[in-house]
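Below: one structure, written as structure tokens.
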Amino acid sequence: MARGTRTSLASLAAAVGEHSPVDRHHLGRTAPTTASLTDLVANPRNPRDDLGDLSDLASIAATQLQPVLVVTRQAYLQLYPQDETELAEARWVVINGCRRYAAASKFGRTGLDIVVKDEVARDRATLLAAAVTENIGRRDFDVIEEAKAVELLVAECGRADAAAARLGKTEGWVSQRRALLKLAPELQTALRRGELAVRLARSLARVPLEQQVDTWQAQQQIETVDKDSADDSSPPVNQRPRADAAKVVRAFRRLDADPPTLADALRDYLNEEGLLALIGALTAHT
């Protein structure tokens with residue numbers, strides 16, 4: 001509009017809303033709109049293999065508390081043209097809110113409030129980071145799936161520090177998650193089931209692959225002895241079932257543990273009574 005010319009309120013009204021000359025898809029919407037489920041499709045590149053139990057989202061049938069974040073079909077296909085058949089006739093791809101989308105379908109909701117932000121699809125790393133960030137720290141997000149997602153993001157970014165910056169995490173956190181993928185399959189399964197603590201899993205990941213399972217079993221035997229020593233009703237120390245000493249020794253050797261490290265570890269696992277019992281046992285065998 002030329003400076004100093006007059007205009008009418010009617011012409012201003014015609015220049016906004018659906019008649020706006022601004023490319024709304026390019027800028028992305030900031031206000032929610034409602035979309036039919038038939039116009040939506042879940043992100044084919046969602047880092048979650050399993051959406052878990054959706055029963056906690058059953059209330060979505062009546063009330064949706066938070067809109068889902070989507071990108072347009074066109075924006076997504078610019079990054080992943082090979083996924084076109086998986087999008088079917090959908091207009092939007094759900095990036096954040098795949099569980100809500102699945103729950104809406106399961107519990108009979110026909111539409112969802114969405115926010116369209118195509119800037120999330122400006123490159124693959126940004127899109128993947130958005131999907132990963134939503135799930136990090138969730139109790140129902142499998143820790144191995146999380147590690148795989150972090151590994152994918154590192155590959156997209158080209159460097160671990162760049163991936164860490166995208167996730168708002170430290171480079172050490174990224175390194176620790178990636179280390180879990182070096183675990184033997186048996187240990188990854190145990191970790192997913194909650195039978196193996198993440199802290200111990202990170203230590204086992206530094207052990208050669210073929211020795212990891214034996215090392216974990218030796219660690220379990222040490223913990224079993226510790227549990228027995230803390231039980232007042234247990235038999236005397238010299239009558240307890242003995243752990244396989246050879247396996248314990250091999251485990252310590254593989255971890256390259258020096259005396260101060262061993263002392264700290266034993267102090268963590270044994271109470272004062274257990275330490276005294278250990279000292280007595282060692283003295284008896286010298």
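None of the figures in this text is laboratory data; all of them are computed from the coordinates on show. In this text the structure is predicted, and so the values were computed from the model without any measurement. Cβ placement follows ideal geometry from the backbone for every residue including glycine, while neighbour counts extend to all protein chains displayed.
For this structure, a couple of remarks:
- Neighbour counts of other Cβ atoms within 10 Å put Ile136, Ile114 in the fewest-to-most order Ile136, Ile114.
- The GluC sites (Glu not before Pro) of segment 80-135 meeting both criteria, a DSSP state outside H, G, I, E and B (loop) and at most 12 other C-beta atoms within 10 angstrom of the site's C-beta, are Glu89.
- Cα-derived Rg to Rh of segment 24-123, Kirkwood definition: 0.95
- Among Leu57, Leu209, Leu153, the ranking by other beta carbons within 10 Å of each residue's beta carbon, starting with the fewest, stands as Leu209, Leu57, Leu153.
- Counted by neighbouring Cβ atoms within 10 Å, the residues Ser105, Ser36 run from fewest to most as Ser36, Ser105.
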